[in-house]
Amino acid sequence: MLSFLWSRICGLDSPVRLTRAEATRRVLSLDLNKDRNVERIHENGINTLDIEPVEGRYMLSGGSDGIIVIYDLKNLTKTPSYTCKALCKVGKGLPDVHKFSVETVQWYPHDTGMFTSSSFDKTLKIWDTNSLKLAEVFQFDGNVYSHHMSPLATKHSLIAVGTKNPKVQLCDLKSGSCSHILQGHRAEVLSVCWSPRYDNILATASADSRVKLWDVRKATGCLITLDQHNGEKSKSSSEAANTAHNGRVNGLCFTSDGLHLLTLGTDNRMRLWNSATGENTLVNYGKVLNNSRKCVKFTVSVGCNPDFAFVPVDSTIVVYTIYTGEKISVLRGHYSDVDCCVFQPQYQDLYSGGKDCDVLAWVPAMREPVPDDDPQSSRSQAHIHPAFHDAWSSSDEDS
């Protein structure tokens, strides 16, 4: 790291390279923080988490009890040990509370004045953060599994909604109506995700084993239906053609640059796709256990080299390098199944929620300084994970 700083001072390296090196180091050292607790509010499992992208300070959670909670993640006590307090909650007793399990919550991408929630009570609700009152309600014919707003759209205010109905609904915040319907899936739509690169590109995943990419500006069918065989039909079954997985597809997540798409299926596989061509990159992540009947909320790192994926597997969170498929680490701390996790890019923190009703904070471990003349330092370098060497090195070659 000292060589990076010296190269930066001398103008030999860009600030971006130094930032990525430190971000990568922090992600590789993620561990359960025993000094940072998140106030326990939910009475049943936590299904979804979201951190607002403006300040990275406020976090939403939604649970199987129908409750929505807003937390302040900032350490206001200025002490090493503190608890992230719940600022407010939309809970029992309020007239507008969800009647059944809350499956997805999301902040409005451009400010914290509004957030959204969807539930098995067949509704998508738009909330005013300051008053905790409803601004709009969208009603559907079936359970709502997932919804998502584009993180960068300025020309439209569409919310994509995946329900028990095979048709993907697009709700317009400006008009307060369902403006578009995307038809093509044959079973319930379990996950939807807008591209972080193009505000008109949407990915949808369904129980029909298919993943589709859409351009919402076009009235015709989808752009691409992802095929795990890259156009070559399976010899064992012709029905396997044009399917992304051999089971229900219940997880979607674009990489931070939007160039690739990760998918999860109940065939215990995770796949990486080129989002421009729809090609299966054939990265092997091994067996990724997935028995969920609902949407799996997994996430990816931002600003790292290499990039990482954080995937809930049973009561753990498994960390993979996205482009090589290598399993880097397994984060253990929950007492029951983990249902969701969210990455905080400002500080490289990770938060997770599960059926044990707890929200856990995973933060980079602090390193003890090692003197350059310490003979132990050379031996300690040998134990650094290979992915860590890909990001940066303290050798003389970098200076």
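The values are calculated or read from the model by the stated rules, or taken from the named source; none is laboratory data. In this text the structure is predicted, and so the values were computed from the model without any measurement. FYI the Cβ positions are ideal-geometry reconstructions off the backbone, even for glycines, and counts take in every protein chain you see. Please note that ligands, DNA and RNA were not included when accessible areas were found on the heavy atoms of the full protein model with its side chains. Shrake-Rupley method; radii C 1.70, N 1.55, O 1.52, S 1.80 Å.
Within the bounds of the stretch 54-64, is there any residue that is open to solvent by 40 Å² or more (accessible area, probe 1.4 Å), touching a Pro at 6+ places or on another chain (Cβ under 9 Å) and in a loop (DSSP other than H, G, I, E, B)? Yes, some residue in the stretch 54-64 is open to solvent by 40 Å² or more (accessible area, probe 1.4 Å), touching a Pro at 6+ places or on another chain (Cβ under 9 Å) and in a loop (DSSP other than H, G, I, E, B).
There is at least one residue in the stretch 341-349 that is within 13 Å of the chain's Cα centre (by Cα) and part of a loop (DSSP other than H, G, I, E, B). All told, V192 falls short of being open to solvent by less than 40 Å² (accessible area, probe 1.4 Å) and out of contact with any Ser or Thr (no Cβ under 7 Å at 6 or more places or on another chain). So is V342 under 19 Å from F254 (Cα atoms), surrounded by 19 or more Cβ atoms within 10 Å (Cβ to Cβ), in contact (Cβ under 8 Å) with a residue 40 or more places away in the chain and of a type in the set (V, I, T) or not? For V342, the condition - under 19 Å from F254 (Cα atoms), surrounded by 19 or more Cβ atoms within 10 Å (Cβ to Cβ), in contact (Cβ under 8 Å) with a residue 40 or more places away in the chain and of a type in the set (V, I, T) - is met.
Of the candidates L124, L182, the single residue that is over 24 Å from K89 (Cβ atoms), open to solvent by less than 20 Å² (accessible area, probe 1.4 Å) and out of contact with any helix residue (DSSP H, G or I) (no Cβ under 7 Å at 6 or more places or on another chain) is L182. Candidates in the stretch 93-115 are the residues that are under 16 Å from N44 (Cα atoms) and not in a strand (DSSP E or B); of these, the one that is most open to solvent (accessible area, probe 1.4 Å) is K99.
Within the stretch 27-38, if we keep just the residues that are under 13 Å from S329 (Cα atoms) and not in a strand (DSSP E or B), the residue that is least open to solvent (accessible area, probe 1.4 Å) turns out to be V27. For the stretch 69-89, indicate whether the set of residues that are on the phi < 0 side of the Ramachandran plot, touching a Gly at 6+ places or on another chain (Cβ under 7 Å), open to solvent by less than 20 Å² (accessible area, probe 1.4 Å) and modelled with pLDDT of 95 or more is non-empty. Taking every residue of the stretch 69-89 in turn, none turns out to be on the phi < 0 side of the Ramachandran plot, touching a Gly at 6+ places or on another chain (Cβ under 7 Å), open to solvent by less than 20 Å² (accessible area, probe 1.4 Å) and modelled with pLDDT of 95 or more. For the stretch 225-253: of the residues being out of contact with any strand residue (DSSP E or B) (no Cβ under 8 Å at 6 or more places or on another chain) and open to solvent by less than 60 Å² (accessible area, probe 1.4 Å), which is modelled with the highest pLDDT? Here the answer is T243. Against the test of being polar (S, T, N, Q) and either outside any loop (DSSP other than H, G, I, E, B) or touching a residue at least 24 places away in the same chain (Cβ under 8 Å) (or both), the options S118, S131 yield a single qualifying residue, S118.
Taking strands (runs of 3 or more DSSP E) as the structural unit, those lying wholly within the stretch 282-333 and holding at least 1 residues that are open to solvent by 30 Å² or more (accessible area, probe 1.4 Å) and more than 25 Å from S119 (Cα to Cα) correspond to 327-332. On the basis of being among the basic types (K, R), within 25 Å of V359 (Cα to Cα) and in contact with a strand residue (DSSP E or B) (Cβ under 6 Å, 6 or more places away or on another chain), does R332 make the cut? When the stated conditions are applied, R332 passes them.
For the stretch 207-223, filtering for residues that are buried (at least 20 other Cβ atoms within 10 Å of the Cβ), assigned to a strand (DSSP E or B) and among the aliphatic types (A, V, I, L, M) leaves 1. Of the residues in the stretch 306-323, at least one is under 12 Å from L264 (Cα atoms), touching a Gly at 6+ places or on another chain (Cβ under 9 Å) and at pLDDT 95 or above.
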